[in-house]
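A.B. asks: I am attaching a structure below and will ask some questions about it afterwards.
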Amino acid sequence: MEMEMEMAVAAAAAVRALTDRCETVATAESLTGGLVGATLVAIPGVSSVYRGGLVVYATDLKQSLAGVPAGLLAERGPVDPDVALALAAGARDRCGADWGVATTGVAGPDPQGGKPVGLVYVAVAGRSVAEVRELRLTGGREAIRTESVTAVLQLLDDSLRSAPAPV
């Protein structure tokens, strides 16, 4: 219950910051499977700032829907910091938003492509901001997914607060 509360608090803070800046956000999600978008749309008033999102669980969809370069995916696989950044930029571009956020990683129960369970990358892309954070999470699938959502929304809020005001 505490993790869900942290997730809701992070979403509310991000929505408030986006509203204050009159800017929009879009999502590209892998391991979270739409949970970032669902968490955002639970916040009253989000319709003025949330454009939509892409759930790109399969690797080929990361390329075809979110625009992640095929070569990057082939070379590094889907769980990679540069893939996370490309997903965030793809969400922003493909959905016509000011900001894009993304999640990619391994929620378990088994490692994926040599990457350990709990390795997650969250990313944010804006006009003048591109930032990624590596997370090393523990616990089961639900805990890893929930903590990933909280982390990407906190990264968005941090980025919104430190970015130059929109012109």
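The values are calculated or read from the model by the stated rules, or taken from the named source; none is laboratory data. On a predicted model such as this, the values are computed, not experimentally measured, just so you know. Cβ placement follows ideal geometry from the backbone for every residue including glycine, while neighbour counts extend to all protein chains displayed. When the accessible area is computed, the model is the full protein with side chains, heavy atoms only, and any ligands, DNA or RNA have been set aside. Shrake-Rupley method; radii C 1.70, N 1.55, O 1.52, S 1.80 Å.
A.B. asks: In nm, to one decimal, how far is the Glu2 label point from the Arg16 one, both placed 7 Å along Cα→Cβ?
C.D. replies: It works out to 2.2 nm between the two label points.
A.B. asks: What's the carbon and sulfur percent of the stretch 1-123's accessible surface, probe 1.4 angstrom, rounded to a whole number?
C.D. replies: Reported share for carbon and sulfur atoms: 58 percent.
A.B. asks: If you add up the charges near Arg136, with Lys and Arg at +1 and Asp and Glu at -1, over every other residue whose beta carbon is less than 14 angstrom from its beta carbon, what do you get?
C.D. replies: So the surrounding residues net to 0.
A.B. asks: Taking Rh as the Kirkwood radius computed over C-alpha pairs, what is the Stokes-Einstein D of the stretch 1-73 at 4 °C in a medium of viscosity 1.567 mPa s, expressed in µm² per second?
C.D. replies: Stokes-Einstein gives a translational diffusion coefficient of 98 µm²/s.
A.B. asks: Further question on the same structure: Order the following by accessible area, largest value first: Tyr50, Tyr121, Tyr57. Probe radius 1.4 Å; ligands, DNA and RNA are ignored.
C.D. replies: Heavy-atom accessible area, descending, gives Tyr57, Tyr50, Tyr121.
A.B. asks: For the chain, report the translational diffusion coefficient in µm²/s to the nearest whole number, using Stokes-Einstein at 25 °C, 0.890 mPa s, and a Kirkwood Rh over Cα pairs.
C.D. replies: In µm²/s, the coefficient is 160.
A.B. asks: Next question. Using a 1.4 Å probe on the protein heavy atoms only, what accessible surface does Arg51 show? Give it in Å² to the nearest 10.
C.D. replies: So the heavy atoms of Arg51 present about 140 Å² to solvent.
A.B. asks: If you average the sequence gap of Cα pairs under 8 Å that are 6 or more apart and divide by the length of the stretch 1-143, what percent do you get for the contact order?
C.D. replies: 21 percent
A.B. asks: Per-residue ellipticity at 222 nm for the chain, helices alone: DSSP H runs ≥ 4 residues times -39500 (n - 2.57), over residue total, nearest 500 deg cm²/dmol?
C.D. replies: -14500 deg cm²/dmol
A.B. asks: Let me ask you something else. Between Tyr57 and Gln112, what length in nm is gained on full extension when 0.36 nm per residue of separation is reduced by their alpha carbon distance?
C.D. replies: 18.5 nm
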